[in-house]
Amino acid sequence: MSLKRGLLGVGVLAGALAFGSYAQAGSLVLGNSGWRASWSSSFDNADYTYVTLTVLAETDSTVVIQKTAVFADGPDQHGLIAPIEINFEQTRADAAKNIVVTSESVTNASGVDWNSFQFIIEDGTTDTSADTSFDVTRTFGSVPPFDVSPFSVVGVGGITSQPQIITLGDGVLANGDIWRPGVGPAGGELVIHAAPATDGSKRFVFKELPGGEVIPLPAAAWMGLSSLLGLGAVGAFRKARRTIA
């Protein structure tokens, strides 16, 4: 059973009462997890590109958050859509080891269709577990796996061999459509191995970037999903491509 399914009974309202979970002025303390999230104040204006976070539940090792995002800015002169970036800052030494993003709502109000989407972590180049990265096994190898329909996962990689970029493609999110990755009891969850520092100093950026056609990374910076999940988990991962009922 996924952590989300075990904890969602806490509910959004309970989370709000217990944790003050709705963010104010571009900043949110993630309950008692030892993490704080912040973002540009420009993302607080619902008339433009917009983001909110809600704490749903937490344990000693994990905090579960829900994210709502509206991408309302069109492409720039180079055809690029500005990403939404959320900064995570460790606030105490015994911070939770995992940050789980679930039941997202992502609205394409950019004026153009999206043919790809990337989840990106910006932190470190040590190529060790000290770098914040995606827990690919728990994200795509668990039951249920993280559902990214109408897209499919076309690559997992980064600057090092740590999985810090998940690239989605082979699908289209039309302008005006709302995408809900990981929604529902069979939707799975995006798991971040936060790698808190023993001195409480860890900071990293979680970025979401919609776009057009996927541009492959060099082979040295890319890894096959099977090498991350192991052969036994590939079948479960492929279920992430199913359509949300």
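The values are calculated or read from the model by the stated rules, or taken from the named source; none is laboratory data. The model shown is predicted, which means the values in this text are computed figures rather than measured ones. A quick note on method: Cβ atoms are made from the backbone with ideal geometry, for glycine too, and the neighbour counts reach across all protein chains shown. Accessible surface areas use protein heavy atoms only, side chains included; no ligands, DNA or RNA. Shrake-Rupley method; radii C 1.70, N 1.55, O 1.52, S 1.80 Å.
Within the shell of other residues whose beta carbon sits under 13 angstrom from the beta carbon of LYS202, the net charge comes to -2, with Lys and Arg scored +1 and Asp and Glu -1.
Give the carbon-plus-sulfur fraction of the accessible surface of the stretch 31-115 in %, rounded to a whole number; probe 1.4 Å, heavy atoms of protein chains only. Here it works out to 44 percent.
Averaged per residue, the stretch 38-167 has 37 square angstrom of accessible surface, using a 1.4 angstrom probe with ligands and nucleic acids left out. The portion of the accessible surface of the stretch 145-194 made up by carbon and sulfur, rounded to a whole percent, is 58 (1.4 Å probe; DNA, RNA and ligands excluded).
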